[in-house]
Each structure stands twice: as C-alpha cells, then as structure tokens.
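The values are calculated or read from the model by the stated rules, or taken from the named source; none is laboratory data. These figures come from a predicted structure and were not determined experimentally. Don't worry about glycine lacking a Cβ; one is built from the backbone with ideal geometry, like all the others, and counts go over all protein chains shown. Just so you know, the surface numbers come from the protein's heavy atoms only, side chains and all, with ligands and any DNA or RNA stripped out. Shrake-Rupley method; radii C 1.70, N 1.55, O 1.52, S 1.80 Å.
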2 protein chains.
Amino acid sequence: MSPKALDYDSLNENVKKVQYAVRGELYLRASELQKEGKKIIFTNVGNPHALGQKPLTFPRQVVALCQAPFLLDDPNVGLIFPADAIARAKHYLSLTSGGLGAYSDSRGLPGIRKEVAEFIERRDGYPSDPELIFLTDGASKGVMQILNTIIRGEGDGILVPVPQYPLYSATISLFGGSLVPYYLEETANWGLDVNNLRQSVAEARKRGITVRAMVIINPGNPTGQCLSEANLKEIIRFCYLENLVLLGDEVYQQNIYQDERPFISARKVLLDMGPPISKGVQLVSFHTVSKGYWGECGQRGGYFEMTNIPPQTVDEIYKIASISLSPNVPGQIFLGLMVNPPKPGDISYLKFVTESKGILESLRRRAQIMTDGFNSCRNVVCNFTEGAMYSFPQIHLPPKAIEAAKKARKVPDVFYCLKLLEATGISTVPGSGFGQKEGVFHLRTTILPAEEDMPAIMDSFKKFNDEFMAQYEDNRGYSRM
Amino acid sequence: MSPKALDYDSLNENVKKVQYAVRGELYLRASELQKEGKKIIFTNVGNPHALGQKPLTFPRQVVALCQAPFLLDDPNVGLIFPADAIARAKHYLSLTSGGLGAYSDSRGLPGIRKEVAEFIERRDGYPSDPELIFLTDGASKGVMQILNTIIRGEGDGILVPVPQYPLYSATISLFGGSLVPYYLEETANWGLDVNNLRQSVAEARKRGITVRAMVIINPGNPTGQCLSEANLKEIIRFCYLENLVLLGDEVYQQNIYQDERPFISARKVLLDMGPPISKGVQLVSFHTVSKGYWGECGQRGGYFEMTNIPPQTVDEIYKIASISLSPNVPGQIFLGLMVNPPKPGDISYLKFVTESKGILESLRRRAQIMTDGFNSCRNVVCNFTEGAMYSFPQIHLPPKAIEAAKKARKVPDVFYCLKLLEATGISTVPGSGFGQKEGVFHLRTTILPAEEDMPAIMDSFKKFNDEFMAQYEDNRGYSRM
Ligand SMILES: Cc1ncc(COP(=O)(O)O)c(C=O)c1O
Ligand SMILES: Cc1ncc(COP(=O)(O)O)c(C=O)c1O
C-alpha cells in the first residue's frame, strides 16, 4: 500500500525542516533524567514560575474573580478579596460580552485594546490606535501570524539576528521562507553593526532572495543586550532605505538590569525621526505577559501593534485571526492588567509595587552573579546580561573535547551541555540552537533560578566546567593556568 | 519606491485567498448597527455565553482557585468555596510545575493528558495513550496544526463536507492545499452518501489532485446531523480503501437532541471493526471545552487524539507545537474538568448535574422551537437539528429576489440575510459561507438565544420572511399560498 498522509515520508517538507532546540535533545534528556529521579534545574526556557517565582497577587485576584463572577454577589467576598480587585474584575467583565467563557472579537476585546493603546501612548509619547492592536495567545502566535502574512516562498528572506531566538528560524522554515542571518558582535557586547546588515542583504540578493523584513529582539534573547537609541535609528534608516518591514520583538522591555541603556521602543524612535522615515517604515511590535516581572507564561497573553500598515492588510490579518476565532480571554485580562497596573492610592498599590520591584531587583542581582560566575570559569567568557532573562557564555572547547564530541556523534556544544546536565542537573540550551559563528561555542541559561540557589548552581557549574577542561585540555595547557 | 512587504499587493497569496464568512460582511454590518444603538441578536457564532448561558459553577470555582493559589491558605476560603472545589484545585495545581503561570509541556500537562485518555477509554471501551493526546488552544488550533502537517501544496486534496464549517476551507487555503468537496444530502436529513464520496475523489483525481485526508464533522456544523454507526463504518472503510487520513471533528459530541442516534466516536467504530482496518486507518479526533453544556469558548481549551499515527510523525507534530511553547494552562484545566466532572457523592455533584442537564434540555427544546418556527414560514424548509448548535434552513428565493440581489451586487443569500439583519437585528450567516449546491440558498443560525426569547425571535423572523416573500414573489405565486 502506498504511504499514508501522516507517515513521516509523506509529511509537509517544511514541517520536517523545522529545527527547534529550546525543547530539543537536551530538554528531552533532562525530562528522562527527571523521571529517573534526578533533580533537574530547568534553565532552558524563560519560564519564571516554573523556577519558583510567585505570581503577582493583584492580577491573580482580579482574574480569579473574573473566572468566578458569582462571587461578586457573595456577601463574604470582601473577606478574601480587596475592594480594588473586586472593582477591577467588574470593570473587565464589563468589557466582555458574556464573561471569560465567550469568544471575543478575533482581534481581542476592544476595551482592552484601548487600554493597550493608552499604555503605548504613555510609554512613547505618541497616540496609538486600538484598531491597529491585535491581542494574541502570547507573542509567539503574533510573530507566526505576521510571518505567515509576509512569506510567499523560498525567495522571501527575513533578516534575523544570530544568535537568535529559535521562534524565528522555526517559523520561517515552517512557512517556507529563507532566513537571512545577521551576526551580532560578541566582542562589542552583542551590538548590532549596520555594516553587517548590509553585507547580509547583499549576500542574500546574490542568492536570488528578496529580503522583505528584519527582526530585532530588544532586549536580546539569548544575548541579553539592550539596543541604544542611536543603534535603533541606524536600523530604522536601514529598513527605510532597503524597504524592509521591521519586526520589533520587545517582549523583554521591562527586564532591564543596567541604567545606561533604558528600554526605548522601536516605535518611539521611528516616530521621533519624522517624515519621510516615520511614515515610510512598516513596523510591527510584539509584547507579552510572559516576561517582565509578570512571568505569566502559561496564561498566553500578548499583543502586536502595527505602524504604517495599510488598512487592507490589517483586514487580511484580521481575517486570518478569525479562523481560530479568538485569543484566550483570561490572557487578554492579564494583558489589560499589565498595561494598566494598580496606581498610587489604590488599596493594592503598595503590595503590587513591593512584589514587582522585589522580582526585578533580584533578577538584576542574579544577572550579576551569573555573569561573574561564568567569567570565573576556565575557558568561559560571558557578556553582562543588560536585559532579558538569559546568560550566554562562550565556552572555548579544547580540540580534544571537539574530537570526543565527534566520536560521540554530537555537535560539540551539545556534547558539553549533555555532560553538564548529567553531572549537575543543570539543563541549558546549546548555543548551536540559536545559531552562531563557525567554530565558536556557547550555551544559554536563564538567570531565573531562585536567588538563594544561585551561588550553589554557579559553584556546581564551575566544578563541572573546570574538570571538563582539565580532562580535555592537554597537560601543558592545563598546568599553565 | 517598490511595494513594501506588508502592502496588500505583496502579501502571501494564500492569505489573500482565504475566505471566512462567520465573521464576514454580515458580522461587520451587525457590529456597525450595534454601535449605532440597534439591538442585535448575534446568532452567527456558536458562542453560548455571549447569549446569556451561565458558566457551570464548579469548574469556575476550581479554576478561580488555581488562579489564586494563595487563597488555599486563607482561613476564610471555605466560606465561599466548597471543599471539593478546593481539593480539585489542589489536584490540578499539583499537576503543573509552577501553577497556571508556567509554560507547560508543548503537548499540554501530562497529568491532564492522562485524564483525557481515561475519559476516552470510558467513552469508547478501548484504552487510549496519553502520549498520543495533545492539548490545544481550542479545537481550531489543533485542526490547523494537523492540516499544516498534511498539506504539501496544491496537489494535496482534503475531502470536506459541504456545507461545512469554514475553519476547514480557510485553513486549506491558508496552507495552499485543495479543498475537495463532498455534498451532504439535504433531502436525506444531511446524510452522507458514500457514492458521493467516491465521485468527489474521482473528480479530484481527474484534476491531478491526490486526496490525502477526509474531514467529518459529527454532529454536523452547520447541518446538525448525527452520523449513524453504519454510516461511520462506510466512511472508515472508504478511508481504508482510499488510503485517507480521517479527521474526526467531534466537538459537538455532547450536543445531541434526539435518542435514535446517540453520539458514537469515529475511534470506537474504527477499533470495533478490527484488523486490518482498525490498524490501517490513520485517525485524528478533535474535542473542545467550547461546546457541549460547557460553552467555555473564551477559555480556549481543546485536544486532539491520534490513532495509528507513527511515532516519528507524532514527534514532528510535537516539534511544531513547541514553536509556540505551550497551550494556555487555564484552558487545559477546563479540559481536565470536562473529562473528569464531579462524581455522585461529591459535594458539588447535584448542582453540577442540575446546571448541565438544564442547559442540554433547554437546547433540545430550542432546537425543536426553531425547526418548527422555520418550517412554518413561507418558502422555508428546515431539517431538525439532531445535534450541535445550529439550524440551517433552506430559503427558496423567488427569481425577483435573486434579480434584486444582483442589482444590489450581493450574493442572493447575503442579500436576504442583510435585509433580515436590518429588519430584525437577527445576525445570521448566509449559507454561501459554508458552501452549497448551485442555486440553493440557506442561512445558518445558532439555537443559542435564551429559551424565553425564542418565540419572539421566531415571530420576528416569520414576519420579516413572509413580507420579504410577498414583496418578491409575483402576485399569482403569493395568492396561491
Ligand atoms: C524573544 C522572545 N520572543 C517571543 C517569545 C514568546 O513569548 P510568549 O509567546 O510566551 O509571549 C519569547 C519567549 O521566550 C522570547 O524569548
Ligand atoms: C465544527 C467545529 N469545529 C471546531 C470548532 C472550533 O472550536 P474551538 O476552537 O473553540 O474549540 C467549531 C466552533 O464553532 C466548530 O463548529
């Protein structure tokens, strides 16, 4: 009998081509080890609550009440919920038509899109139009929708930073487009050099590819850098000249761990530049409730905002969003709460600020502990995590280690990360999952383990690494240290 | 300057080709009228809570507590939550790693996939493997994932019932495949004739299309029929002989309004048939929390279960699910509650049964009121809604009405539905949105308006329809009635 449609050999080739490392070999091995009873420290995904971060109280109270609207009439409700949470739940329920159990408009609830627009206006100083904001089940779904709209086939190229977050490479493969890499400069703190961009575009053109869009991740994943205003200006000018849609992945905009380069949105820089550029560059910006001090990954709330996108295209994107009916409504409420948190004077304000500041300040300290820890290890160098949630140390693997990896039929960084996992339970992602230059090896870890566990984790890493290096370096090299 | 990537002219052609009627012209006009202050009865989407259906209390209590786990330690929690809801919340939280705020495995929480497998086993009498069950953000997302995996290009055909739910036509267009229609027989209560299937496949082959999969919607949307066991056997044998993947959309399995044809799953029938067929047909079955007596559409909870799908393919589907990280976790909990509702003896059992039975019995009465109402109207004939949530009357449009529609540059059924909307506020979907035979016209409405409003709605429909017919029929025709 001929092969069936869901036999491996007859699947959509684009599906097969997709590579996805964040939950790849390392993750699977870690899950196995966990089943066997080993204690695993999952630092492979930016998933704060899985590593013990507590949810913020106020938003959870509001969403709990929205889920149980019958409580709003319960005379005892005031015993366990503060009045401002009750009021806010009533507010959000009034924005739905039928509560959390009803499909919303496929773009999301109009009232929440309005709150998002107001947040953007406060942040950037320019008005934002709710009709150009679509709510999504996390930022991932938004990125996928937009790339699906742009990519027509192999001839369409998307500029993606390398190292990059694999959502982009995977989605581009899935929709049959071509990834055009541009390299971030590790020696320049993972900065973006516009000359690299030009070169990447020129090379892609030689291969017959039309570069149509450019992705920036700011703050960066896995690299942790924050783009400066000057750098953003260069990028936008480049998009203008090269006629590229700019996709601004700004999911880490609240995760900033230094004061020199505060977050500044691509949209603000674009609009600051004035015409013709401010009217000439098509921009889609992404945000989420999964990151920041929220970390509400499992709720799947996000949005994208479109700037300079023609109405007919917005209609097309709306039509495609309609196929899956509606983003999840509780996630929309979380998004509303994120863009409109408690204000000074609200009953819950102090608690909210204490909780959220506590998380951010601890993340800042953890970023430092981790960077310092890695830099104290033999053959490891690591840029400081300026923002986001990751540390991305470079590991200089000695030739013998690379040989051993070859023998074991593993990519060298996978080999290293697997050994690390088996020895310490620390589950990281090999740098090759994010793309890197030839012959250079990294790993990515989140900075999310609990602060009190951090020193022990870094000690255990150092012990493993230094032993690994001792084993694979020739003796001369080792004794010289 | 050359067109930009997000200008309409340069979008992905597959995106532009997608047609999606459920939220099409009628819905947009209805939204406009609503803004102008007109009272609109939205019967265009199967969205029960939007039409006043109350959520079931117990599941909402459980999910509210999962959202606010800090309440579990509150000494007052017992004042507003019953003990079994508290226990169940603790149970589900123990299945997560980090509560609702943590990404789950991309296939969903293992513990809930196990509960789904147990439900399927109880329902069908055959064991089910949790590893072959993936949780999704509503059934729509699952259908899209599977079609994306199957469709390689225009040469791949998917058999879809006509009239059909436009999720299928839209998704097939989006992924660049070919829809191969098979017609349901209105005169045979929307039954499925296998001869029609054979003919459809033969015609598709003549056009060079490889038919790879077949969709059944049971109970049907928009047509409301329930497939008999004999009919399901014929379909499965057909899939076996023609080497087709069977996609069983069974989201309405709890919505049954007659006793002759209870719901029977495609999987049970398949496994009952024994080898070689039971081992030879690849089947994917879909379910959701959006329908039944739950109607929790906004929560976006669903699953698909795979039968006879090779492990390598399951891995590929897992990889693609990983790109968007995780289905929303609260929706997963709703799904757990749906497959594992309160049991006799539980504190909340009686209330749960009273609420859920009340909803189903009322839907059954409403199905009858609606069918009878349509059949009492001039030039309208309507099959009884055996299951699902829709009524799909045929409207015999007089030639003059068709002419008037042409003049107004509208498809005739769109013309009729727009007039109905303007006159009565009833927002339906024209039959052409679901596909229908040449020259035959329908509309689809849900049976979801509140039971007490039903008589008035049907009166208002009848008044509009009979006046419409009087206006467009020639006098002889009218006086003869
Ligand atoms: C750079 C980047 N973009 C997007 C996402 C997607 O986040 P979500 O889909 O949870 O909003 C992530 C998640 O880790 C990310 O790191
Ligand atoms: C036949 C059918 N399948 C699937 C769905 C999708 O439902 P959901 O994505 O809400 O689970 C619907 C919704 O109306 C439907 O009618």
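Some points to look at:
- Just one of the listed residues (A:Leu421, A:Leu337, A:Leu363) is in contact with a Ser or Thr (Cβ under 8 Å, 6 or more places away or on another chain), at pLDDT 95 or above and buried (at least 21 other Cβ atoms within 10 Å of the Cβ), and it is A:Leu421.
- Breaking point among (1) among the polar types (S, T, N, Q); (2) surrounded by fewer than 24 Cβ atoms within 10 Å (Cβ to Cβ); (3) closer than 30 Å to A:Thr446 by Cα, for A:Gln61: (2)
- Looking across region A:285-294, the residues that are open to solvent by less than 10 Å² (accessible area, probe 1.4 Å) and either more than 12 Å from chain B (Cβ to nearest Cβ) or more than 10 Å from ligand 1 (Cβ to nearest atom) (or both) come down to A:Ser285, A:Phe286, A:His287, A:Gly292, A:Trp294.
- Members of region B:94-112 found to be closer than 17 Å to B:Ile320 by Cβ and surrounded by 21 or more Cβ atoms within 10 Å (Cβ to Cβ), listed by number: B:Tyr103, B:Ser104, B:Ser106, B:Arg107, B:Gly108
- Any hit, region B:309-327, residues being within 16 Å of ligand 2 (Cβ to nearest atom), of a type outside the set (Val, Ile, Thr) and in contact with a Lys or Arg (Cβ under 7 Å, 6 or more places away or on another chain): yes
- Flag if A:Val63 is under 30 Å from A:Leu174 (Cα atoms) and either of a type outside the set (Gly, Ala, Ser) or at the interface with another protein chain (Cβ under 9 Å from one of its Cβ atoms) (or both): no
- Residue within region B:26-47 that is closer than 24 Å to B:Gln332 by Cα and open to solvent by 30 Å² or more (accessible area, probe 1.4 Å) present: no
- Whichever residue in region A:221-268 is among the hydrophobic types (A, V, I, L, M, F, W, C), within 29 Å of A:Ile447 (Cα to Cα) and touching a residue at least 40 places away in the same chain (Cβ under 8 Å) and, among such residues, is nearest to ligand 1 (Cβ to nearest atom): A:Val251
- Filter result for A:Gly208 (within 14 Å of another protein chain (Cβ to nearest Cβ), modelled with pLDDT of 95 or more and either open to solvent by 10 Å² or more (accessible area, probe 1.4 Å) or within 16 Å of ligand 2 (Cβ to nearest atom) (or both)): no
- Taking every residue in region B:157-170 that is open to solvent by 10 Å² or more (accessible area, probe 1.4 Å) and pairing it with any residue that is part of a strand (DSSP E or B) and within 16 Å of ligand 1 (Cβ to nearest atom), at least 6 positions away or on another chain, yields no pair with a Cβ-Cβ distance below 9 Å.
- In summary, helices (runs of 4 or more DSSP H) completely within region A:1-79 and bearing 1 or more residues that are free of Cβ contacts under 8 Å to residues at least 24 places away in the same chain and within 23 Å of the chain's Cα centre (by Cα) occur at A:25-35, A:57-67.
- Condition check for A:Ala102: within 12 Å of chain B (Cβ to nearest Cβ), of a type outside the set (S, T, N, Q) and within 16 Å of ligand 2 (Cβ to nearest atom): yes
- Exactly one residue out of A:Pro48, A:Pro69 is within 12 Å of chain B (Cβ to nearest Cβ), within 18 Å of B:Gly99 (Cβ to Cβ) and at pLDDT 95 or above, and it is A:Pro48.
- Residue satisfying all of: in region A:94-145; more than 16 Å from ligand 1 (Cβ to nearest atom) and of a type in the set (S, T, N, Q); farthest from B:Ser31 (Cα to Cα) among these: A:Ser128
- Selection within region B:137-155: residues that are more than 9 Å from ligand 2 (Cβ to nearest atom), facing chain A (nearest Cβ under 8 Å) and outside any helix (DSSP H, G or I). The member of this set that is farthest from B:Thr223 (Cα to Cα) is B:Arg152.
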